[in-house]
Structures are given as structure tokens and as C-alpha cells.
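Trainee: Please read through the structure below; I'll follow up with questions.
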Amino acid sequence: MISRRVKSSKEDDDRLQSQLKLNGTIPVHIAIIMDGNGRWAKKRNLPRIAGHKEGVESVRDIVEVCGQLGVKHLTLYAFSTENWKRPKDEVSMLMRLLMNALRDETDRLHKNNVSVNAIGDIDALPIEVQNELNDAKTKTATNTGLQLHLALSYSGRWDLTEAIKKLAYDVKKGILQPDQIDTKAIEKYLATNGIPDPDLLVRTSGEFRISNFLLWQLAYSEIFISPVCWPDFRRRELYEAITDFQKRERRFGLVSEQLKEPLEGSSIIKK
Ligand code: IPE
Ligand code: IPE
Ligand code: MG
């Protein structure tokens, strides 16, 4: 574990990042369930929205550091299909916050070579949010650094349901034969088509559940649960998660001995 007592200067941070890169593999794709904003605020006698606002600061720091570390994909679970059922006030404040954050952050993201993408039932979002999202996506479309995927009005079951619907239509139209349905074919219908599965899933605030996140895609992800609430989850906490990830042996159903030599033709390992 990286000591939290280390003073955070730019040099210290550079040193920690170099150390992480030397220690082992940096995950290609990190997915995060950003949880605990409400509890963070409650502990401070603040309204829940104060936690969401502080959470935006964590997003900024984590996105920046992922870019610096060379992470290729970062998927942030920002709003689930179930979150629509929260009190109206909280939902509308969250939507406003999202809209403002997109508006305020797009230039910085662009400068940092980040490309913005969204997965989820985007049509369900208020039109103002959709517009900001489209602006961010268009402006950053050709950037070659970190790909930031915002999971908005997303759930794993929604994703699978939509995929099955589209797939059924293609079978009906004769574009696809039932015999051709395999895992690769299914993946093409998911919102994450073209994005490799997450190597590392982080959930903050100490909850041990997936809460309808990437149900298909997390099949072989390494899971790291942090006790820290999202508004307090910053780069040092991410370094800790990556350090833990680097100690894992990812076996993908095989035995240790098989992992020493890259297996010819093993699509699972090469994935
Ligand atoms: C995560 O924090 C943000 C969203 C789900 C939108 P929460 O709002 O779930 O905070 P807790 O879990 O109630 O503390
Ligand atoms: C998961 O958090 C969804 C997001 C972080 C967007 P929730 O707070 O909605 O999950 P539960 O209700 O604790 O499972
Ligand atoms: Mg929560």
C-alpha cells in the first residue's frame, strides 16, 4: 500500500506514477462505481447534492490521472436506470450538475486529449444534458488519449435487453442466423461494442455489489472495493487500487502453470 503520509507535490506524484508503471501492468480499462456521495455529505451535515458536487472534483482528478498513467478506457457509472426512482429534487439536481460539469470540463478534457463517449439510455436524459453530451462528444471525437465512457441512465440489464431486442430483429430480417449467435456476435449488440472488457472494477464506499453495472462485461474483471466514499476518492486511492490489481493472478479459468507461456490461440487471454 502506498503511504498516504507522502506529501502530495508534483514530484512525489510523478514518482508514484513511475513506480506504478514499473511495478506491473497498468489496466487497459478501469470501470468505477462512484458510490457514497450522499453518505459523505450526511457525515458532514450537508445536503446530498454537496456530496455529488464534491464527487465531480474526484472525477476530474481520476480522469486526469488515468490519462497520465496511460489507461486507455475509463468507464464511470454516473447514473443508473434505477437512480431515476430517487426523489425528483435529487434527480433534477443531478441532471443540472451533470450538464454544468460537461459544459465546464469539456475544454480541459479536450486539452488533455481525452475523448468523451456515453453509454446508456441517452434519450431518457433531459434534452439540455443530451446537447452538452453531444457537444463534448463532437469536440473530443478525434482525441487519441484516454477514452472516457460515461454510463448514464445505464444498467447491465438495460444493455442486455436492448442487445437482445436488436439481435432478434436481425434474426427476423435474416441478417443473422441463430447458429451464428456466439459471444463475439452478442458483444456487437452491446453498448460497449468495441471497448475491451474492464480489467479492474473499483467500487467506492465499501459496498460489495455490482448494482446492475456492466453485467456481461465484468465476467473476468478484477474487483477492488474501497471503503472511501467517492468524494474522497482521489489519485492516491486509485494508485492503491492499481497496486492491488498488479498483485492479482488473472487465470481466466486456467491453472497457474498455463499462464507462464502465452497460449497459442487462446482468445480469452489475448482479449
Ligand atoms: C453515488 O452516490 C452517486 C449516484 C448514484 C448518482 P450516492 O448518491 O448513491 O450516495 P450514497 O450511496 O447514498 O451515499
Ligand atoms: C450505483 O450506486 C449507481 C451509481 C453509482 C451510478 P447506487 O447508490 O445507485 O447503488 P445501490 O442502490 O446502493 O445498490
Ligand atoms: Mg449509493
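Trainee: What is the magnitude of the charge dipole of the chain about its Cα centre, with +1 placed on the Cβ of each Lys and Arg, -1 on the Cβ of each Asp and Glu, and no other charges, expressed in debye to the nearest 20?
Mentor: Result for the chain is approximately 460 debye, rounded to the nearest 20.
Trainee: Ok, one more. How high is the relative contact order of segment 17-86, in percent, with contacts defined as C-alpha pairs under 8 Å that are six or more residues apart?
Mentor: Working: 57 pairs, mean separation 30.0, N = 70.
Worked out over segment 17-86, it gives 43 percent.
Trainee: Within segment 1-134, what is the number of lysine pairs with alpha carbons under 19 Å apart, leaving out pairs fewer than eight places apart on the same chain?
Mentor: Here the count comes out as 7.
Trainee: Across 5 Å bins from 0, what is the distribution of all Cα-Cα pair distances for segment 125-271, in whole percents?
Mentor: Reading upward from the zero bin: 2, 7, 12, 15, 17, 18, 15, 8, 4, 2, 0.
Trainee: Per residue, how big is the convex hull of the chain when only Cα atoms are used? Give it in Å³.
Mentor: Measuring per residue, one finds 154 Å³ for the Cα hull of the chain.
Trainee: While we're looking at this one, here's another question. Sorted by packing (mean other beta-carbon atoms within 10 Å per residue), highest first, where do 124-137, 53-66 land?
Mentor: Numbers: 124-137: 16.7, 53-66: 19.9.
Averaged packing, sorted descending, gives the order 53-66, 124-137.
Trainee: Let me cross-check MET34: its accessible surface, 1.4 Å probe, with only protein heavy atoms counted, in Å² to the nearest 10?
Mentor: Accessible area of MET34: about 40 Å².
Trainee: Give the separation of the Cα centroids, segment 223-242 to segment 44-70, in Å.
Mentor: That distance is 11 Å.
Trainee: Sort the following peptides by mean Cβ neighbour count (other Cβ atoms within 10 Å, averaged over residues), highest first: 218-231, 148-161.
Mentor: Working: 218-231: 18.9, 148-161: 21.1.
Highest mean packing first, the order is 148-161, 218-231.
Trainee: Follow-up. About the Cα centre of segment 140-244, what is the dipole size in debye to 20, counting +1 per Lys and Arg Cβ and -1 per Asp and Glu Cβ, all else neutral? Please report the intermediate quantities before stating the final value.
Mentor: Numbers: 12 positive and 14 negative charges, 84 e Å.
So the dipole magnitude of segment 140-244 works out to roughly 400 debye.
Trainee: Here is a further query. Which one of LEU148, ILE181, LEU20 has its Cα pushed farthest toward the positive end of the charge dipole of the chain, where Lys and Arg give +1 and Asp and Glu give -1 at the Cβ?
Mentor: Value computed over the given set: LEU20.
Trainee: Rounded to the nearest 20 debye, what is the charge dipole size of segment 47-121 about its Cα centre when +1 sits on each Lys and Arg Cβ and -1 on each Asp and Glu Cβ? All intermediate terms of the calculation are to be shown ahead of the outcome.
Mentor: Working: 11 positive and 11 negative charges, 22 e Å.
That gives a dipole near 100 debye.
Trainee: Moving on. In terms of the Cα gyration tensor, with a ≥ b ≥ c the square roots of its eigenvalues, is segment 39-82 rounded because a/c is under 1.5, prolate because a/b exceeds b/c, or oblate?
Mentor: On the way: a/c = 4.01, a/b = 1.81, b/c = 2.21.
Oblate, because a/c is 1.5 or more while a/b does not exceed b/c.
Trainee: Here's something else I'd like to know. How high is the relative contact order of segment 129-213? Use alpha-carbon pairs under 8 Å, at least six apart in sequence, and give a whole percent.
Mentor: For segment 129-213, the relative contact order is 34 percent.
Trainee: Whole-Å semi-axes of segment 1-104's equivalent ellipsoid, largest first, each the root of 5 times a Cα gyration tensor eigenvalue?
Mentor: Numbers: eigenvalues 182, 56, 30 Å².
Whole-Å semi-axes of the equivalent ellipsoid: 30, 17, 12.
Trainee: Continuing with this model, one more query. Given a Förster distance of 35 Å, report the FRET efficiency between SER9 and ARG86 from their Cβ-Cβ distance, rounded to the nearest 0.05.
Mentor: It comes out at approximately 0.30.
The values are calculated or read from the model by the stated rules, or taken from the named source; none is laboratory data. Keep in mind that what you see is a predicted model, and the values were worked out from it rather than measured. So basically every Cβ, Gly included, is an ideal-geometry build from the backbone, and we count neighbours across all protein chains shown. Ligands, DNA and RNA are excluded from the accessible area calculation, which covers all protein heavy atoms including side chains. Shrake-Rupley method; radii C 1.70, N 1.55, O 1.52, S 1.80 Å.
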